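The values are calculated or read from the model by the stated rules, or taken from the named source; none is laboratory data. It should be emphasised that the depicted structure is a prediction, and the values quoted were computed from it without experimental measurement. Cβ coordinates were reconstructed from backbone atoms using ideal geometry, including for glycine residues, and neighbour counts include every protein chain displayed. When the accessible area is computed, the model is the full protein with side chains, heavy atoms only, and any ligands, DNA or RNA have been set aside. Shrake-Rupley method; radii C 1.70, N 1.55, O 1.52, S 1.80 Å.
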Amino acid sequence: MGVKKQNIPDKGAAVEKDMETYTIVPYIPGGLVDPAILRKIADAAEKYQVKFIKMTSEHRIGLYGVKEANIDNIWNDLGMGPGGHIGKCVRAVKFCTGNTVCKKGHQNTMDLGLRIDEAFHRMETPQKVKISLSGCTSSCAESAVRDIGLIGTPMGWKLMVGGTCGLQVRKGKLLAENLSDGQVIDYIGKILDYYKEKGIQKRMGIFIDIIGFDKFS
């Protein structure tokens, strides 16, 4: 019997159902791409006979059906790093277009989202942490059901914590509102530091339940 294969976190590779092939997701901050990036991905997929390419729910581009022997070669050809979609860490930040192009957007999700991503992406945490930003209350980035969710308003940002969108959907709790971009960065840093300090191996929402929201806030 062969050795059962596992995820290879340092290579950004998640083993698939057949236990032979892998999924890799390049690190594309905010899902923002240009023609050169798309050409690299298409060329690598064709060269290494990737089974298929799919946009993920987190605005990333996933390559599926990758052979283990080709993982390093694909990364080398792409000239990109893994997107941190596996492991206990802060995942790549998700955001809508915000007021950059959307007529309903109140806040600049793209600028702040990239700042948050640069500051916290792949930070090790007790469990995975998903962060998303929506430019208005339509919440196109599903901010209310993320570990840390931000929703833009005319007065600034609403900050919600502890949401999840699994089998048991949990709406995040409002922690603060009318925040500036700088205040958001400060809040997220303190939240993550406190989460790591306590070291409770639970998702953010359950962690908050254990600690108590009054104490957490």
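Along the Cα-to-Cβ line of K88, 7 Å from the Cα, sits a label point; which residues in region 7-31 have backbone N less than 20 Å from it? What the label zone holds, given the 20 Å backbone N cut-off, is 7-15. Normalised by 2.2 N^0.38 Å, with N the number of residues, the alpha-carbon radius of gyration of region 34-163 equals 1.18. Mean separation of Cα pairs under 8 Å and 6 or more residues apart, divided by the residue count, gives region 63-171 a relative contact order of 21 percent. Here region 1-130 has 53 percent of its accessible surface on carbon and sulfur atoms, given a 1.4 Å probe and all protein chains in place. Summed over the residues of the chain and divided among them, the accessible surface reaches 52 Å² per residue at a probe radius of 1.4 Å. Return the tail of the calculated pair distribution for region 97-217, meaning the percent of Cα-Cα pairs more than 19 Å apart. Roughly 42 percent, once rounded to a whole number.
Taking Rh as the Kirkwood radius, which is the inverse of the mean 1/r over Cα pairs, what is the Rg/Rh value for the chain?
Ratio of gyration radius to Kirkwood radius for the chain: 1.00.
Taking amide H atoms as placed 1.01 Å from N in the peptide plane, the amide H of C140 lies under 5 Å from those of G135, each 5 or more residues away in sequence or on another chain.
Using a cutoff of 8 angstrom between alpha carbon atoms and counting only pairs six or more residues apart, the relative contact order for the chain works out to 13 percent.
Could you compute how fast region 86-148 diffuses translationally, taking Rh as the Kirkwood radius over C-alpha pairs and applying Stokes-Einstein at 37 °C with viscosity 0.692 mPa s? Give it in µm² per second. Stokes-Einstein gives a translational diffusion coefficient of 278 µm²/s. Close amide H partners of L175, meaning residues 5 or more places away or on another chain with modelled amide H under 5 Å apart, are L159, M160, V161. Once divided by 2.2 N^0.38 Å, the Cα radius of gyration of region 6-102 becomes 1.08. What the Cβ-Cβ distance of K103 and M123 gives, at R0 = 45 Å and to the nearest 0.05, is a FRET efficiency of 0.85.
Residue pairs exceeding 27 angstrom between C-alpha atoms, taken from K40/K158; K51/K103; K130/K158; K94/K196: K40/K158; K51/K103. Identify which of S139, S57, S180 has the largest mean-square fluctuation in a Gaussian network model of the chain, with springs joining Cα atoms closer than 10 Å. Between S139, S57, S180, it is S57 that shows the largest mean-square fluctuation. In this structure, the amide hydrogen of T21, modeled 1.01 Å from its nitrogen in the peptide plane, lies closer than 5 angstrom to those of E16, counting only residues at least 5 positions away or on a different chain. Bridges between two residues of the chain, per DSSP, are antiparallel at a rate of about 75%. Between region 97-130 and region 139-190, how many Å separate their Cα centres? If we compute the Cα centre of each part, the gap is 10 Å. Taken along the Cα-to-beta-carbon direction at a fixed 7 Å, the label points for E16 and I185 span 4.0 nm.
Once both labels are positioned 7 Å from their Cα atoms along Cα-to-Cβ, the gap between N76 and K5 label points is 1.9 nm.
Across region 144-150, rounded Karplus estimates of 3J(HN,Hα) from the backbone phi angles (6.51 cos²θ - 1.76 cosθ + 1.60, θ = phi - 60°) give 6, 10, 10, 4, 10, x, 10 Hz, Gly and Pro being marked x.
Multiplying the residue separation of Q201 and E46 by 0.36 nm and removing their Cα-Cα distance gives an extension gain of 51.8 nm. Couplings for region 57-66, taken from phi via the Karplus curve 6.51 cos²θ - 1.76 cosθ + 1.60 with θ = phi - 60°, read 5, 9, 6, 10, 10, x, 10, 10, x, 7 Hz in order; Gly and Pro are left as x.
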